[in-house]
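These notes are about the structure you will find just below.
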Amino acid sequence: MNKSESKYFNTARLMDEALLQLLEKKDFDYITVKEICVKAGVNRSTFYLHYESMNDLLEESLAYGYSRFTEKYDQSAIDREKLKTCPLEELYLISPKYIIPYLSVLKEYKKLFMAAISKPNLFRIPNSFQEAYKEIFEPILERYHVPQKERKYMLMFYVSGMHAVIVEWLKGGCEEDMEYIADLLVKYTPVG
């Protein structure tokens, strides 16, 4: 990365951090470009060099939050052999060990994700679930002999339900323990 690229990304990071700090004090809809620029120490023209609108900044900040999940999610925790050989009653599409890292990031950045709830086109199921699909869901659905044609619909049904539970948890200010929510998600996503 050359010096100008480094400066570009550093400036974007400053604006992301400014947004997170301002979200601690007020709702997203009331934060202005001017406030972001003052907090980040940049000019308005710099903001518009990076983003077309505040929604673009929010979207980038969400992407950062999701990248934190990817960092916390330990793919080595997936026991691929166990997925192939354990008894069916021990196979879960959702496990606390898979969902806790996601919930911890949501809780850490809850103001950011709360801001995104009102913008469903931004607050959507992250691409990281596609990776989980390949690593976890696909082998489990295979073991349960779910026809290939039905798998994407079954998975979307479960993931959309999980998303709804998580949104409710966020709306409630993440009051319940992450472990409790993870246990509910396990309980509500049976297979077979």
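The values are calculated or read from the model by the stated rules, or taken from the named source; none is laboratory data. All values reported here derive from a predicted model rather than from experimental measurement. Counting neighbours? That spans all protein chains shown, and the Cβs are built from the backbone with ideal geometry, glycine included. Accessible surface is based on the protein model in full, side chains and every heavy atom, while ligands, DNA and RNA are left aside. Shrake-Rupley method; radii C 1.70, N 1.55, O 1.52, S 1.80 Å.
Rundown of residues vs (1) at pLDDT 75 or above; (2) surrounded by fewer than 17 Cβ atoms within 10 Å (Cβ to Cβ), yes/no style:
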residue	(1), (2)
73	no, no
79	no, yes
89	yes, yes
125	no, yes
138	yes, yes
173	yes, yes
Exactly one condition in (1) within 30 Å of residue 16 (Cα to Cα); (2) at pLDDT below 85 is false for residue 188; which is it?
(1)
Of all residues being closer than 16 Å to residue 114 by Cβ and of a type in the set (D, E, K, R) in the stretch 175-189, which is least open to solvent (accessible area, probe 1.4 Å)? Just the residue, please.
176
Could you list, in sequence order, all residues of the stretch 156-171 that are open to solvent by less than 30 Å² (accessible area, probe 1.4 Å) and either within 26 Å of residue 84 (Cα to Cα) or part of a loop (DSSP other than H, G, I, E, B) (or both)?
159, 162
Taking the stretch 28-47 and keeping only residues that are more than 15 Å from residue 13 (Cα to Cα), open to solvent by 100 Å² or more (accessible area, probe 1.4 Å) and of a type outside the set (Asp, Glu), one is left with 30, 34, 44
